[in-house]
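Step one of this worksheet: look at the structure below.
The values are calculated or read from the model by the stated rules, or taken from the named source; none is laboratory data. All values derive from a computational prediction rather than experimental measurement. Quick reminder, even Gly has a Cβ in these numbers, built from the backbone with ideal geometry, and neighbours come from all protein chains shown.
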Amino acid sequence: MSDKEKLYEGKAKILYKGSRPNTIIQYFKDDATAFNNVKKGTIAGKGIINNKITELVMTRLGQIGIATHFIERLSDREQLCHAVQIIPLEVIVRNTVAGTMAKKFGIEEGTRLSRPIIEFSLKDDALGDPIIPENHILALEITTDEEMIEILETTAKINDFLRGLFAGIGLELIDFKLEYGRFNGEDGEQYLVLADEFSPDNCRLWDFETREKMDKDRFRRDLGGEVEAYQEVARRLGISLETEDK
């Protein structure tokens, strides 16, 4: 990777300048963090698994008309993506009570919600990624009114599709986080696209029958078996984890 121009290094990925104009390369690391980078560790092979799960999810979403930044997977740990201007928001979808929601409202974890909740947090590590209401987002001009409508509609569509996808392999999609970016098309127009990744790092997946956690909560809560859980999600999705030379 030393021959590539590094643009940014985050908790779980490194971004490099892509070989094509207006592209980046996402490199998936094995590093694991939790509680706003307070807890740190590694999950062996996590980068390979997350890269391949993200490829599958982004490809499937593209097939149902969701615009994404994903172009193609380049190797076990790398994927080529369109360069976008990331909107500094985490879009959080909750289908079942878990994590901070359970603690904040004193509701038993695992309680299924009567309808999905879409909420937002400001992407700012120094501030602890605080929850931010929709009217604050608009007043601070983080998004336009049109972008907010599109984010809400697209996120609801993604949730419906992914709940079905994971239910089909015996997993319940408890909650997840998304990021969106602004992409400048060749036609000179600017488009909203889904960016970042989708993997057990940024969602909660429970086995429907056993309620076993199959995501990063195994790391957060010192449950052990992180590698096996990530591998099992990939296996159920039909993803081969054999290393490749591409």
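Restricting attention to region 81-124, the residues that are within 16 Å of the chain's Cα centre (by Cα), of a type in the set (A, V, I, L, M, F, W, C) and part of a strand (DSSP E or B) total 9.
Which residue is nearest to LEU7 (Cα to Cα), if the candidates are limited to region 80-106 and must be charged (D, E, K, R) and buried (at least 17 other Cβ atoms within 10 Å of the Cβ)? By that ranking, first place goes to GLU90. Listed by first and then second residue, the pairs with beta-carbon distance under 8 Å, at least 6 apart or on different chains, first residue in region 63-77 and assigned by TED's automatic domain parsing to the domain that holds ILE25 and at positive phi, second surrounded by 14 or more Cβ atoms within 10 Å (Cβ to Cβ) and not β-branched (Val, Ile, Thr), form an empty list. Taking THR243, is it loosely packed, with under 14 Cβ neighbours inside 10 Å, touching an Asp or Glu at 6+ places or on another chain (Cβ under 7 Å) and not assigned by TED's automatic domain parsing to the domain that holds GLN63? Spelling it out, THR243 is indeed loosely packed, with under 14 Cβ neighbours inside 10 Å, touching an Asp or Glu at 6+ places or on another chain (Cβ under 7 Å) and not assigned by TED's automatic domain parsing to the domain that holds GLN63.
Checked against (1) at pLDDT 95 or above; (2) over 29 Å from ASN135 (Cβ atoms), THR96 passes all but a single condition, namely (2). Of all residues in region 1-24, those satisfying the criterion of being in a loop (DSSP other than H, G, I, E, B) and either more than 25 Å from GLN190 (Cβ to Cβ) or of a type in the set (Lys, Arg) (or both) are MET1, SER2, ASP3, LYS4, LYS11, ALA12, ARG20.
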